[in-house]
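Taken together, the values in this text are just the output of simple stated rules run on the coordinates, not laboratory data. Note that the coordinates shown come from a computational prediction; the quantities given were computed from them, not determined experimentally. Here the Cβ is made from the backbone with ideal geometry for all residues, glycine too, and neighbour counts use every protein chain on show.
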Amino acid sequence: MADLQSKALFERARALIPGGVNSPVRAFRAVGGEPIFIARAKGARLFDVSGGEYVDFVGSWGPAILGHAHPDVVRAVQEAAERGLSYGAPTAGEVTFAEAVRSLYPSIHKMRCVSSGTEATMSAIRAARGFTKRDYIVKFEGCYHGHADHLLVKAGSGLATFGVPDSAGVPEGTARTTLTLPYNDIPALEALFAARGAEIAAAIVEPVVGNMGCVPPAPGFLAAIIDLCKKHGAISIFDEVMTGSRLARGGAQELYGLVPDMTALGKIIGGGMPLAAYGGREEIMNCVAPLGPVYQAGTLSGNPVAVSAGLATIAHLTPDLYARLESLGARLESGLREGAKAAGVPATVQRVGSMITLFFRDGAVRSWDDAATSDTKRFGTWHMGMIARGIYWPPSQFEAAFLSGAHTEADIDRAVKASNESLAA
Ligand SMILES: *Cc1c(COP(=O)(O)O)cnc(C)c1O
């Protein structure tokens, strides 16, 4: 149950903002609840407007890998703000930032800063289309790549949660250039490329899906995407907006030892500020204006305050951090799994590093068709129990939960206890 002041704010918000929220999943509709308005956050804790305290497993949907309001990040932002908020001219910080990103992601030879993950994937696809002079793109059911028109086709999470297969307002002709395939289905991928490979500009994929809940890639699936793209002159794009610097400093591509043609980044690399980036092979990025004919721009792109938050965050992405996230993740995974088993509730816990989902269904989730059979009603009841016990878990069956370096073993144990009580209720 949302607190009284959140309820009052939600009332005011609904009169002015569609659904009372500035991004749909925040509305808590998928769990039959009402949103909690947040007043402040520190470390792994969120505080609502009535002073209620929660252990946060959403982490701003991914960015907060160091926990909230890390002192070094806050200081970097304050110092940058003193120097002016935006100039619309190049800065030294952007160059340092690009160098830092390239050192984490060797596949990114050249990059461009943008302000959201949506812009990053949209622009990467435009560059891939401009470079290949082809129109069609391949995406996988259940993967979400932001809300650009051609990517709102079988997009998982928010859309699946609200039972909207596609978005209204997307022209049919636009959606037609997007070819969708089931995630983790290598034979289907091979068949599509065999039939239409010469028309395909790019294949875009979440290398570990977070947007239908946490779904890892089957062995060979990501390599098949890269290889088939190469063979047919198409561009492989890893959308690492969520996985980037979450699964390893250099994202899923470092974890699995793979080299995509292009990568989209966001969330963690912006340290909680509106900053994202796309980049990849030099000859593709050389097509982007002003060097080439692919237009892409942004008034606030590479914003100096955002870049300083990103740089301060990147400075803390140490091997120690990832070792800690792995051990906290393993503790949460086994705690949730054992609890569900003891309660006799059909459940599957899937995790890669610090991304984790408790699916209310039996058996592994490998694709959207699997995820969609989860008991979302049961998830809603469980989620309400978690909130009531001070655990802020993503309010949808189809969203991954995240850990941060600020979580402690005691936080994990508290979440497991809340889950067990919630399952029993
Ligand atoms: C969050 C996300 C996006 C969109 O990023 P925004 O900053 O919300 O526009 C794109 N791709 C993936 C994989 C994401 O998780």
Rounded if a/c is under 1.5, else prolate if a/b is larger than b/c, else oblate: which is the stretch 169-281, with a ≥ b ≥ c the root eigenvalues of its Cα gyration tensor?
prolate
Dipole-positive endmost among L258, P35, L247 within the chain (Cβ charges, Cα centre):
P35
Specify which residue in the list P219, V101, G310 is farthest towards the positive end of the charge dipole of the stretch 71-314, using unit charges on the beta carbon of Lys, Arg (+1) and Asp, Glu (-1), about the Cα centre.
V101
Selected from A148, A44, I186, residue furthest toward positive end of dipole (the chain; charges at beta carbon):
A148
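Using a simple charge model, +1 on the beta-carbon of Lys and Arg, -1 on the beta-carbon of Asp and Glu, nothing else, what dipole does the chain show about its Cα centre, in debye to the nearest 20?
260
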If amide H atoms are built 1.01 Å from N in the plane of the peptide, which residues on other chains or at least 5 residues away come under 5 Å of the amide H of E399?
G213
For K133, list the lysines whose Cα falls under 24 Å from its own Cα; do not include residues on the same chain fewer than 8 positions away.
K110, K230, K231
The stretch 1-100 shape via C-alpha gyration tensor axes, a/c threshold 1.5:
prolate
To the nearest 20 Debye, how big is the dipole of the stretch 71-314 about its Cα centre, given +1 on the beta carbon of each Lys and Arg and -1 on that of each Asp and Glu?
240
Gain on full stretching of the segment that runs from A343 to A92 - 0.36 nm per residue minus C-alpha separation
84.8 nm
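When only Cα pairs under 8 Å and 6 or more residues apart are kept, what is the percent relative contact order across the stretch 1-154?
Across the stretch 1-154, relative contact order equals 12 percent.
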Shape of the stretch 71-314 from its Cα gyration tensor (a ≥ b ≥ c, root eigenvalues): rounded if a/c is under 1.5, otherwise prolate when a/b > b/c, or oblate?
prolate
Could you list which residues have their amide H under 5 Å from that of S115, counting only those 5 or more apart in sequence or on another chain, with H placed in the peptide plane?
A276
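Structure shown: which of K7/K42; K7/K139; K267/K341; K139/K377; K139/K267; K7/K154 lie over 30 Å apart, alpha-carbon to alpha-carbon?
Table pairs above 30 Å Cα-Cα are K7/K139; K267/K341; K7/K154.
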Normalised contact order of the chain, rounded percent, pairs of Cα under 8 Å and 6 or more residues apart:
22
Under 13 Å, Cβ to Cβ, from G52 - net charge with Lys/Arg +1 and Asp/Glu -1:
0
Kindly provide the helix-only [θ] at 222 nm of the chain, computed as the sum of -39,500 (n - 2.57) over DSSP H runs of four or more divided by all residues, to the nearest 500 deg cm²/dmol?
-12000 deg cm²/dmol
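Taking the highest mean first, how do the peptides 246-257, 328-339 order by number of other beta carbon atoms within 10 angstrom per residue? Before the final figure, lay out the partial values.
Working: 246-257: 21.2, 328-339: 18.4.
Sorting 246-257, 328-339 by mean packing, highest first, produces 246-257, 328-339.
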Highest-fluctuation residue, A168, A277, A415 considered, GNM on the chain with Cα pairs under 10 Å:
A168
